[in-house]
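Here's the structure we're looking at; comments come further down.
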Amino acid sequence: MASIPGHADAGHGHEHEHHHPTGFMRWVTTTNHKDIGSMYLWFSFAMFLVGGVMALVIRAELFKPGLQFVEPEFFNQMTTLHGLIMVFGAIMPAFVGFANWQIPLMIGASDMAFARMNNWSFWLLPPAGTLLVLSLFMPGGSGGVGWTLYPPLSTQMGIGMDFMIFAVHILGMSSIMGSINIVTTILNMRAPGMTLMKMPLFCWTWLITAYLVIAVMPVLAGAVTMILCDRHFGTSFFNAAGGGDPVLYQHVFWFFGHPEVYIIAIPAFGVVSQIIPAFSRKPLFGYASMVYATSSIAILSFIVWAHHMYTTGMPVAGQLYFMYATMLIAIPTGVKVFNWVATLYRGSLSFEAPMLFSLGFLFLFTLGGFSGLVLSMTAVDVQLHDTYYVVAHFHYVMVAGALFSAFGGVYYWLPKWTGHMYDEGLAKLHFWLSLIFFNVTFFVQHFLGLAGMPRRIPDYAPQFAEFNMISSIGAFGFGLTQLLFLYVVIKCIKGGPKAAAKPWDGAEGLEWTVPSPAPYHTFETPPVVK
Amino acid sequence: MTVLAQNSRTLQRLALMAVVMFGFGFALVPFYYRICEALGVNNLVGRADASVRNTQVDYSRSVSVEFDTNTRDLPWTFRALSNVRSIHPGELVQVDFEVRNQRGEAVTGQAIPSFSPARAAQYFHKLECFCFERQTLKAGERRVMPVVFVLDRSIPSELGTVTLSYTFFDVPAADAAAGGRRS
């Protein structure tokens, strides 16, 4: 297979590099998928820290009963922005970053299909993130309405709310463009011989995710546009006084919102499906069933949205339908978990940091799936709705699921990206501290929820004090641990043992056929896959 | 087809999909109201109709009301258009009576009600009745006259059948009998 050495001998036969800007303008004008992937990852890490600080404000306030540090209004703005920033600013861009770096390398393409649009979809993100943060400094602050932006509260908030709506619009445009790029790249730019069913599973999961994004992000854009119209243009989509219905917003929002949780989870499945076979030194068990299971999850995600709304007064028949449909999702998800475990079975396992994070993902994501199954039951959910049980559930699938998988992915591909091996000892320390502090933070929240502590409230009854104190200690530990991650990554970029083209002996795929670090231009002549 | 052309075709299709889904978000608005209407849920208008329905009617039971008609010293034929009605307590009921003057000249009469059993009288609330005033019929005239009443919800359950009886009296004769009390 051919790989073109890029940067080093630019100027000979690489005419498009003659006017390549340097310094800051290089990053503004770049159309290279590797540059853009790196920018996505750095942006998402920056947003992760911003959203993390907000989470720590929340946990500091909840350390003790009573009001300590912040006003209730500000507390509400923190929960809202924490959710929006983590979902749209941190996790989604992180996986788009992986997609940009890895998909062309995995399918043997020279770059993404629309390189300029790729640049644009990234550079929409910083203004959107800035808008979200700036909304805090508007008169009346940001919108303290929860990341779901439910009316009637969201139609009443100050100008900070408009900032958030525009930020969501921009983030939506960015992710739609990114997804169009990914679908086109995967469908049209695969190397000869790379059939769809030969693609690495990461590409498959991103293909499915990208279709989900294109299908539901516009619906969210429509929903927030309706809020904007209700706020400023005298419409009454959700204003009951004008004949609208606030419950309608919840339906439109969760039509987007439920596929959105799979938009976050499915690329994480993809990353884990690359790592587990590599460190088990076995091919992935049940490749085809993984593809079908992932597709089934994506399709089912469109018909279960109202399980977020059991307490809105749905008819019993509706509640039953959404309950059974939701439980149905456990089947393809169970297939996936089974396949990962079956890949481990009798594998020649080794436990480097990527593998540790994948195993942490496997165990904790499954736990989060079980608490999701508990919440899918209407009769139980009516009791647990809007309690800390729900908070614990979705942090198990978002943090231990998506975030752990992203950490695993970073460690897995960092040698390819930087050309250096990362510090394995520190990376393992990062994993164990993350694992312990994550569970200290969130496991106790199950108990708080079962005991009835409501979420999004800055104060609580004294009987919840001990568990909240434990949770807050865990949260600060988890937050500080992520600075260790930053240190490991920077250390790896600066230097370290030289990484081989294929640093993991069990790894498979085209990305390991190019040298480490991956040259600026790869696969300008497509490789041939047998 | 070159990859570039293929890419731009895929781009167009996916962009169209995004635009369609943006429209779909708005289409959910009328769809939501339609489906609520079709399934009869969250139907604010329907609920308003239901609230107009008289909640004072006791649909759990009914009382059989019989109508009896008599004339005294009058050349009239007098009958109820329905002899017996099954009525829910609290329900607004209209019953029509027919009266015909057989004589070749105008005659004035007045109807006097009576109830059997007599204690049923306190549970009849008449809103309109031909018995409230004198009726003068021209020669050979036929007239249909309504009685509108509500049977009180507190009517005891042992009063399963009630008879409402009307008797028409000749008014000049009655006046004379009263000794010219009418001035």
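The values are calculated or read from the model by the stated rules, or taken from the named source; none is laboratory data. What you are looking at is a predicted structure, and each value in this text was computed from that prediction instead of being measured. Because the Cβ atoms are built from the backbone with ideal geometry, glycine has one as well, and the counts that use them run over all protein chains shown. Please note that ligands, DNA and RNA were not included when accessible areas were found on the heavy atoms of the full protein model with its side chains. Shrake-Rupley method; radii C 1.70, N 1.55, O 1.52, S 1.80 Å.
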**Prompt:** Taking the Cβ of A:MET78 as the center, what net charge do the other residues with Cβ under 12 Å away carry, scoring Lys and Arg +1 and Asp and Glu -1?
**Reply:** -1
**Request:** Partner chain Cβ atoms within 10 Å, averaged over the residues of A:167-180 - can you pull that number for me?
**Result:** 2
**Prompt:** Taking the Cα-to-Cβ direction at A:LYS64 and at A:LYS494 and moving 7 Å from each Cα, how far apart do the two end points lie in nm?
**Reply:** 4.0 nm
**Complete:** In units of 2.2 N^0.38 Å, the Cα radius of gyration of region A:102-225 is 1.30
**Prompt:** How much solvent-accessible surface does A:MET173 expose, in Å² to the nearest 10, with a 1.4 Å probe and all protein chains in place?
**Reply:** 100 Å²
**Relative contact order %, chain A, counting alpha carbon pairs below 8 Å whose residues are six or more apart** = 20 percent
**Computed [θ] at 222 nm, deg cm²/dmol, chain B (DSSP H ≥ 4; -39,500 (n - 2.57); rounded to nearest 500)** = -10000 deg cm²/dmol
**Message:** Whole-Hz ³J(HN,Hα) for each residue in region A:407-415, computed from phi via Karplus 6.51 cos²θ - 1.76 cosθ + 1.60 with θ = phi - 60°, x for glycine and proline: what do you get?
**Reply:** 4, x, x, 4, 5, 5, 9, 4, x
**Complete:** Here the relative contact order (percent) of chain B, from C-alpha pairs under 8 Å and at least 6 apart, is 24 percent
**Fill in**
Computed over chain A: longest principal axis from alpha-carbon atoms vs helix A:246-280 long axis, angle to nearest 10 degrees, is 30 degrees
**Asked** Order of B:15-24, A:38-47, A:366-375 by packing, highest average Cβ count within 10 Å first?
**Response** A:38-47, A:366-375, B:15-24
**Request:** Over 24 Å between C-alpha atoms is what I'm after, so list which of A:LYS428/A:LYS491; A:LYS336/A:LYS416; A:LYS336/A:LYS498; A:LYS34/A:LYS494 land there.
**Result:** A:LYS336/A:LYS416; A:LYS336/A:LYS498
**Complete:** Expressed in square angstrom to the nearest 10, the accessible area of A:TRP147 with a 1.4 Å probe stands at 40 Å²
**Asked** To the nearest 10 Å², what's A:LYS34's accessible area with a 1.4 Å probe?
**Response** 10 Å²
**Message:** Under 5 Å between amide hydrogens, which residues at least 5 positions from B:ASP68 or on another chain qualify, with H placed 1.01 Å from N in the peptide plane?
**Reply:** B:LEU164, B:SER165, B:TYR166
**Item:** Area projected by the alpha carbon convex hull of chain B, averaged over all directions, nm²
**Value:** 20.6 nm²
**Peptide-level mean, for A:244-255, of C-beta atoms on other protein chains within 10 Å** = 3
**Request:** Working from Cα positions, state the angle (0 to 90°, nearest 10) between the long axis of helix B:3-39 and the longest principal axis of chain B.
**Result:** 10 degrees
**Message:** Taking only Cα atoms of the protein assembly as shown, what ratio of Rg to Rh do you get with Rh as the Kirkwood inverse-distance radius?
**Reply:** 1.26
**Asked** Of A:GLU352, B:GLU158, which has the most accessible area with a 1.4 Å probe, and how do the rest follow in descending order?
**Response** B:GLU158, A:GLU352
**Message:** On C-alpha positions alone, give me the angle between the axis of helix A:201-232 and the longest principal axis of chain A, in degrees, nearest 10.
**Reply:** 40 degrees
**Request:** Per DSSP H run of at least 4 residues, take -39500 (n - 2.57); add these up for chain A, divide by its residues and hand me the 222 nm value, nearest 500 deg cm²/dmol.
**Result:** -21500 deg cm²/dmol
